Amino acid sequence: MKAQYAILRFAKYKGPEIGHIESHNERTKEKYASNPDVDTTRSHMNFHLVTPERKYRAEAEKQIAEAGCRTRSDSVRVVEALVTASPEFFKGKKRSEVKAYFTEALDFIQKHQSKDTIISAVVHMDEKTSHMHLCFVPLTEDKRLSAKEIVGNKKKLTWWQDEFWKHMVKKYPDLERGESASETGRTHIPPRLFKEAVHLNRIKEQVMAILNDSNPFNKKAKAEELEALLDKYIPGVEVMRTKLKKYDKTYKELTEENAELEKKLSSASKESVRKRLEISQKLNELDELRSTVEVLPPEILQAAKNVIAHKPQER
């Protein structure tokens, strides 16, 4: 049986991006083309444990003003806690049992962060693994705006991991403590990168299908369709390449650590074998992402050149 982990992660938001996380969390979009994991036919199964009274940014500004805090343009106004568990943990569980897990997690967070600062706590049941997005305004007990004090350093993040596991394991004894990126010294790969990679691959498949299906009779119509897709695909690849550069150091460190563990494999303990499997999985994930953008098919490159060549020049 695979290990089941209690998972708690934090992200900090300052300005316009608050609206983006709100539209994702509250499912205000009609379509989620860039997030293929969202199955909108199941979105009616999502539920709130804390329902927002107003827009996230408006609520944050209201609380900050009432607390009398000064802010800068780069002040963190909203902290999001992502709460979930290993997929295996949720297998076979009824909706009521899933709700009980997240209610327990909410109780934990409310012990350490005033419930009045919590803007929203919504559980998503319409993606592969159930999870809760809990957003709060990072106000301290003495009414200071300080995300840094609440979640902003390695020591504090380790404390959150320890306390979360201690709290959850009382009710769910099979759960193991998850590792934070700060403890492993590695950058966590956010799920949205894999979703973006899936989206890019789908566009690539559409482009290749058009190139293979083009003939003298449909050339004009196909050219317009191709141009529209390439206008999404080429910039998307460049954005993904830029994002993946952040993980170059991580990839190198993992590769080196994996090589060291392989040398010791003959006398490896159960723990080192487990560690090597974890590293291999992370390397595979990074390889999967890098393969999305490292080599563009020559047919696509040529098609992009043709599109550029035939575009009318601006005067």
How high is the FRET efficiency between VAL169 and LYS246 when r is their beta carbon distance and R₀ equals 25 Å, given to the nearest 0.05?
-> 0.15
With every protein chain present, what is the per residue accessible area of the stretch 27-156 (1.4 Å probe, Å²)?
-> 53
Stokes-Einstein D for the stretch 35-81 at 37 °C, 0.692 mPa s, Kirkwood Rh over Cα pairs, in µm²/s?
-> 242
Taking 7 Å along the Cα-to-C-beta vector as the label spot, tell me the ASP39-LYS94 distance in nanometres, rounded to one decimal.
-> 2.0
Positive end of the charge dipole of the stretch 80-141 (Lys, Arg +1 and Asp, Glu -1 on Cβ, about the Cα centre): tell me which of VAL98, LEU139, VAL122 has its Cα farthest that way.
-> VAL98
Probe 1.4 Å, all protein chains in place: accessible area of HIS20 in Å², nearest 10?
-> 130
Quote the accessible area belonging to VAL198 in square angstrom, nearest 10, computed with a 1.4 Å probe and with ligands, DNA and RNA left uncounted.
-> 60
The stretch 46-87, accessible surface, carbon-and-sulfur percent (1.4 angstrom probe) | 46
Relative packing of peptides 128-138, 101-111 - highest average C-beta neighbours within 10 Å first = 128-138, 101-111
Exactly which GluC sites (Glu not before Pro) in the stretch 137-174 are in a DSSP loop and have at most 12 other Cβ atoms within 10 Å?
-> GLU141
What nm distance separates the two modelled labels at LEU283 and GLU238, each placed 7 Å from Cα along Cα→Cβ?
-> 3.3
So how strong a dipole does the stretch 1-154 carry about its Cα centre when Lys and Arg Cβ are +1 and Asp and Glu Cβ are -1, to the nearest 20 debye?
-> 200
Going through LYS195/LYS246; LYS148/LYS170; LYS111/LYS156; LYS195/LYS243; LYS128/LYS154; LYS204/LYS245 one by one, the pairs whose alpha carbons sit over 19 Å apart turn out to be LYS148/LYS170; LYS128/LYS154; LYS204/LYS245
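The values are calculated or read from the model by the stated rules, or taken from the named source; none is laboratory data. A quick note: this is a predicted structure, and the numbers were derived from the prediction, not measured. Virtual Cβ from ideal backbone geometry, glycine too; neighbours counted across all protein chains shown. Heavy atoms of the whole protein, side chains included, go into the accessibility calculation; ligands, DNA and RNA do not. Shrake-Rupley method; radii C 1.70, N 1.55, O 1.52, S 1.80 Å.
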